[in-house]
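Structure first, commentary second.
The values are calculated or read from the model by the stated rules, or taken from the named source; none is laboratory data. These numbers come from a predicted model, not from an experiment. We work out accessible area using only protein heavy atoms, side chains counted, and drop any ligands, DNA or RNA first. Shrake-Rupley method; radii C 1.70, N 1.55, O 1.52, S 1.80 Å.
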Amino acid sequence: DDTARLGHMMTFLSSVMNDDDYAMTLSVQKGLESGAFPDVVLGRNERGNQLFHQWVEHYLNTIT
């Protein structure tokens, strides 16, 4: 039962990434490259991205 639920969740997440996230990411990248915004604030629903950027900033600050 747990294996079936996990399989369903993985199928769902793969679908979201393939059908939504990748296409949206390309559009966002084009917008960022335009230079229209000096910085971007990620929303609360993007906590994983926030943590990633905090981690990168932390390590960049420790090596400089």
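Table for the structure above
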read-out: Matching residues, the stretch 26-45, being open to solvent by less than 80 Å² (accessible area, probe 1.4 Å) and part of a helix (DSSP H, G or I); value: Ser27, Val28, Gly31
read-out: Residue check for Val56: open to solvent by less than 100 Å² (accessible area, probe 1.4 Å) and in a loop (DSSP other than H, G, I, E, B); value: no
